[in-house]
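Report on one structure; see the data block that follows.
The values are calculated or read from the model by the stated rules, or taken from the named source; none is laboratory data. Worth saying up front: this structure is predicted, and the values here are computed from it rather than measured. Note: ideal-geometry Cβ built from the backbone for every residue, glycine included; neighbour counts use all protein chains shown.
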Amino acid sequence: MAARQEELRERLRGLGFEEVRFVRLSALNGEGLRKWLESGYHGDMHWMERTEGKRTDPGLVLEGARSAIVLGVNYLQGGGGGTAALGPSGTPSWARYSLYQDYHDTLKPALARAGRLLEEGFGAGASDYRYYVDTGPVLERAWAARSGAGFVGKNSMLISRTHGNWLFIASILTRLELEPDPPLTRRADPGAVGLLCGKCTRCMDACPTAAFPAPGVVDARRCISYQTIENRGIIPAELRAAVGSRVYGCDTCLEVCPWNRFARAGRRMILSSRGDIAAIPLRELLELTPARFAEVFSGTAIKRVKLAGLLRNACVAAGNSGDPSLLGPLLRLAAHASPVVRAHAVWAARRLGAGALLAQARARESDPEVIAEYGPAPQAQAEG
Ligand code: B12
């Protein structure tokens, strides 16, 4: 078994999975997830509630599941790591993971191939398996931590000693009894949050919206990643200034983690890089048409927020930019078909000084010469 497993590990590495680890499955103590859901930290992600049982018991996902193969794919682009990757003022910033062709799509063929390698190596007993990359009801970080692929940091990320926190996690559940790899420590709770964080709290301190009620616990409702990707409605007004120039996701609690100093650029993901997206000026985002949105973003994870979501996020970034030259496109968006876009466009326009312009225009409407020429102004209309 051991030799066959090592051979499988090598072949999976050959598919571009930078981390390949094996873990024995059992029902997890679901207390962490329970408390998280009870606290409402999942916001509107009701699918997390619906799949709670499956998330803590892999046997409900694949009956008789005994082991998982945990696969990590490094998505760091460029050398080094650990420096702030936020765009210069006025340039939108994007979460690093989004600047690729959609990883759900690009990793799936490799996972299908991985499944076939499992069957080839272990025969008929291995023919029934399930594979996921962010797509299944699996507590991916808990299993990854148990497998020794890393530890769960105070930023709640799986942190690898080799790749920092820049790993996508995929998993293959199988009924085979594979030999488990050791976790990073053999202490009673190998998944303990912050295992190798020591006293460091940089991630929690750097979070612009104070989204960590406790180490390793994210209140998604305050997390910029949730607000700019998962939330399809109004971004709470009190969080908008802190969103800064981020138009899709947030990496702040990842960027500051000192474990990233060991990370090197990934090998596999570079093949599907969409780094070109980072160069799109904010003005161009504000002027996106449906056709241009499809042209630029189809095939990326960003398409998930749809045009209205991206326009909404671009409005918030524009409102935070301090650049009044963006008022033109913002005022056009203030008449957009989507009420969500309109609301954020008006907020941004006001922040950039349009409130004063509108007040001036109204004052001119009561100017006797203007009234003499054009008649009295019609009843003021609501702006939102
Ligand atoms: C919902 C979700 C979100 C939500 C909530 C995030 C959160 N922290 O829970 C939002 C939208 C905010 C989000 C944001 C991001 N996400 Co997300 N998200 C998920 C998803 C679908 C479920 C996570 C979940 O179950 N949360 C509930 C909490 C309670 O569980 P948890 O975070 O896993 O952490 C607990 C357990 O791991 C447990 N635990 C840890 N070790 C052990 C060991 C044992 C034995 C036990 C019992 C328990 C245990 O303790 C932790 C704290 O309670 C996963 C995919 C998946 N199926 O797992 C991706 C996932 C976690 N996301 C991912 C990514 C990349 C991101 C972002 C970086 C994207 C971005 N740049 O904007 C941010 C990071 C923000 C952050 N600091 O979390 C990656 C993380 C990879 C990694 N190296 O950790 C995942 C794994 C997707 C993937 N397959 O690659 N995400």
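A few remarks follow.
- Filter result for residue 116 (under 27 Å from the mean Cα position of the chain (by Cα) and in a helix (DSSP H, G or I)): no
- Residue 59 more than 11 Å from the ligand (Cβ to nearest atom), surrounded by fewer than 17 Cβ atoms within 10 Å (Cβ to Cβ) and modelled with pLDDT under 95: no
- Entirely in region 297-384, the helices (runs of 4 or more DSSP H) that have 2 or more residues that are crowded, with 17+ Cβ neighbours inside 10 Å: 306-321, 327-333, 339-351
- Residue match in region 121-130 (condition: within 11 Å of the ligand (Cβ to nearest atom), within 25 Å of residue 54 (Cα to Cα) and modelled with pLDDT under 95): no
- Within the set 237, 188, 220, 210, the sole residue that is at pLDDT below 95 and either within 13 Å of the ligand (Cβ to nearest atom) or out of contact with any strand residue (DSSP E or B) (no Cβ under 6 Å at 6 or more places or on another chain) (or both) turns out to be 188.
- Set 42, 46: member being farther than 22 Å from residue 157 by Cβ and either near the ligand (Cβ under 10 Å from one of its atoms) or under 19 Å from the mean Cα position of the chain (by Cα) (or both): 46
- Restricting the first member to region 158-179 and to residues that are closer than 16 Å to residue 112 by Cα, and the second to residues that are at pLDDT 95 or above and among the polar types (S, T, N, Q), the beta-carbon pairs closer than 7 Å and six or more apart or on different chains are 174/67.
- If you go through region 243-270 and pick out every residue that is touching a helix residue (DSSP H, G or I) at 6+ places or on another chain (Cβ under 7 Å), of a type in the set (A, V, I, L, M) and assigned to a helix (DSSP H, G or I), you end up with 1.
- Condition check for residue 220: out of contact with any Ser or Thr (no Cβ under 8 Å at 6 or more places or on another chain) and surrounded by fewer than 19 Cβ atoms within 10 Å (Cβ to Cβ): no
- Only one of 339, 290, 324, 281 that is touching a helix residue (DSSP H, G or I) at 6+ places or on another chain (Cβ under 8 Å) and of a type outside the set (A, V, I, L, M, F, W, C): 290
- When the residues of region 299-343 are filtered to those that are within 18 Å of residue 238 (Cα to Cα) and without any contact (Cβ under 8 Å) to a residue 60 or more places away in the chain, the one that is nearest to the chain's Cα centre (by Cα) is 315.
- Within the option set 232, 202, being over 30 Å from residue 348 (Cα atoms) and charged (D, E, K, R) holds for one residue only, 202.
- Beta carbons closer than 7 Å, at least 6 apart along the sequence or on distinct chains, pair a first residue in region 22-42 that is assigned to a loop (DSSP other than H, G, I, E, B) with a second that is of a type in the set (Lys, Arg) and more than 8 Å from the ligand (Cβ to nearest atom) for 25/66; 41/221.
- Qualifying residue in region 229-236 (condition: closer than 22 Å to residue 278 by Cβ and in the same structural domain as residue 70 (by TED's automatic domain parsing)): no
- All positions within region 136-181 that are touching a strand residue (DSSP E or B) at 6+ places or on another chain (Cβ under 9 Å), near the ligand (Cβ under 6 Å from one of its atoms) and part of a loop (DSSP other than H, G, I, E, B): 138, 156, 157, 165
- Region 43-68, subset part of a helix (DSSP H, G or I) and of a type in the set (A, V, I, L, M), residue nearest to residue 172 (Cα to Cα): 60
- Residue 26, sole failed condition from (1) at pLDDT 95 or above; (2) more than 24 Å from residue 211 (Cα to Cα): (1)
- Of all residues in region 43-77 being without any contact (Cβ under 8 Å) to a residue 60 or more places away in the chain and among the small types (Gly, Ala, Ser), the one that is nearest to residue 5 (Cα to Cα): 59
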